[in-house]
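First up is the structure itself, then whatever we jot down about it.
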């Protein structure tokens, strides 16, 4: 299966009620060969309008963080735990998360990132541990199936609480350091 085939399957999904209330499915975006994947919670109003992940105020901030960190959006892969906008930007239910679970799992298997960054509590609970508390484990590295996972605050949380910007900046500095080390190791293996 390819990302395109998985996306086509996702576009036809009706496993939960989210699809009926959303304008469109926001599958994901970026390089299919990305070594770095970012996973957020779910699309917001702007994402639902434009059909792309992280294009609202939180996305603008994420792009600024990328630029300051030396990362390029086109070199990473960005997706969300759920692919359709929950009404009123509420948190997705457990049923909705399960309904999208195979799509997220498929994206991870097909992109094969070396690192996944969990943006916020929902992505952290989904990919690391359902009992995880983002305030306790942000900035700590985890590993699942050979993939390094770094939880950090969601950019929307930074907009609500600017005091979280410094910890996220520290997380991104560490992310870039590890990402560069992995990239060099993988280049060395090709010689």
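Only DSSP H runs of four or more residues enter the estimate; each adds -39500 (n - 2.57), and after division by the residues of the chain the mean residue ellipticity at 222 nm equals -14000 deg cm²/dmol. Using equal-weight Cα scatterers in the Debye expression, the normalised intensity of region 50-90 in log10 at q = 0.18, 0.31, 0.32, 0.35 Å⁻¹ is -0.58, -1.20, -1.23, -1.29. Based on C-alpha pairs under 8 angstrom that are at least 6 apart in sequence, region 3-189 has a relative contact order of 23 percent.
Each DSSP beta bridge with both residues in region 3-189 is either parallel or antiparallel, and the antiparallel ones are about 30%.
State whether region 1-87 is rounded, prolate or oblate according to the following rule on the C-alpha gyration tensor (a ≥ b ≥ c being the square roots of its eigenvalues): a/c under 1.5 gives rounded; otherwise a/b larger than b/c gives prolate, and the remaining case gives oblate. It comes out oblate by the Cα gyration axes.
Highest-first packing order for the peptide set 110-121, 21-32, 94-105, 62-73 is 110-121, 21-32, 94-105, 62-73, based on the mean count of other beta carbon atoms within 10 Å. Name the shape class, rounded, prolate or oblate, that the alpha-carbon gyration tensor gives for region 77-161, where a ≥ b ≥ c are the square roots of its eigenvalues, rounded holds for a/c under 1.5, and otherwise prolate holds if a/b is larger than b/c and oblate otherwise. Because a/c hits 1.5 or more and a/b fails to exceed b/c, region 77-161 counts as oblate.
Computed over region 23-63, relative contact order equals 44 percent, with contacts defined as Cα pairs under 8 Å that lie 6+ residues apart.
Which of rounded, prolate or oblate describes region 62-119 when judged by the alpha-carbon gyration tensor and an a/c cut-off of 1.5? It is oblate, given that a/c is not under 1.5 and a/b is not larger than b/c.
We did not get these values from a lab; they are worked out from the coordinates using the rules stated. Predicted, not measured: the structure shown is a model, and the values here were computed from it. Methodologically, a virtual Cβ is constructed for each residue, glycine included, from the backbone with ideal geometry; neighbour enumeration extends over all protein chains shown.
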